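One structure is given here, and the rest of the page talks about it.
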Amino acid sequence: MSASLDSLYQQVILDHAKARHGDGDLPHADAEHHERNPTCGDEITVRVALEPGTDRVAELRWQGAGCSISMASASVLADLAPGRTLGEITALVGEFREMMRSRGAGEPDDERLGDAVAFHGVSKFVMRVKCGMLSWVALEACATGLAAA
């Protein structure tokens, strides 16, 4: 990856950490899940509301505290999740997890992952992977619970 692309991705993470999309409560949520990273203390609660009568995400909101990576990752996720079905969410989380486990290898699909590709560089730092995954794991638990209901 080029230095300029790395710099762009770092800026995306910083921008999302500052202007946290989806940060806040969702009183009419159909599902919620709380995750905590015991290693660093980051924590997040993800709430999901579905479009009535469907398995399509209408809104994702979250509340949390932690490092810029975990907060930026939740912000990116809040932009990506709405409009997707629970099956599409599960596939998206799987793709993000695969990228985060890559240790910087390969090229992620920016068409599918959007701004989440910015975390490809984070995957090189094993201790930071859990920070980037925190909200995604919480969303995965919401999707699994909703699909089982």
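Rule-based calculations on the coordinates, nothing more; no lab input. Here the structure is a predicted model, which means the values were calculated and not measured. Cβ: placed from backbone, ideal geometry, glycine included. Neighbour counts: every protein chain shown.
Side notes on the structure shown:
- Phi angles of region 18-33 translate, via the Karplus equation with coefficients 6.51, -1.76, 1.60 and θ = phi - 60°, into HN-Hα couplings of 7, 9, 6, 5, x, 6, x, 7, 9, x, 9, 5, 8, 7, 8, 8 Hz per residue; Gly and Pro are given as x.
- Of the residues A118, C67, F96, the one whose Cα sits farthest towards the positive end of the charge dipole of the chain is C67 (charges of +1 on Lys and Arg Cβ, -1 on Asp and Glu Cβ, taken about the Cα centre).
- Working note: Karplus 6.51/-1.76/1.60 with θ = phi - 60° gives region 124-131 the couplings 6, 10, 3, 5, 9, 4, 4, 4 Hz, where Gly and Pro are set to x.
- Dipole magnitude (debye, nearest 20) for region 3-148, charges at Cβ of Lys, Arg, Asp, Glu: 480 debye
- Antiparallel bridge percentage (DSSP; both residues within region 3-148; nearest 5): 95 percent
- With the simple spin-label model, which puts each label point 7 Å out from Cα in the Cβ direction, the A19 to R97 separation comes to 3.2 nm.
- As a calculated quantity, the FRET efficiency between K124 and R36 at R0 = 22 Å, using C-beta atoms, amounts to about 0.40.
- Computed from backbone phi, the HN-Hα couplings of region 40-56 come to 10, x, 4, 8, 8, 10, 9, 10, 10, 10, 9, 5, x, x, 10, 10, 9 Hz, rounded to whole numbers (Karplus: 6.51 cos²θ - 1.76 cosθ + 1.60, θ = phi - 60°; Gly and Pro given as x).
- All-pairs Cα distance distribution in the chain, expressed in whole percent, bin size 5 Å: 2, 11, 21, 24, 21, 13, 6, 2, 1, 0
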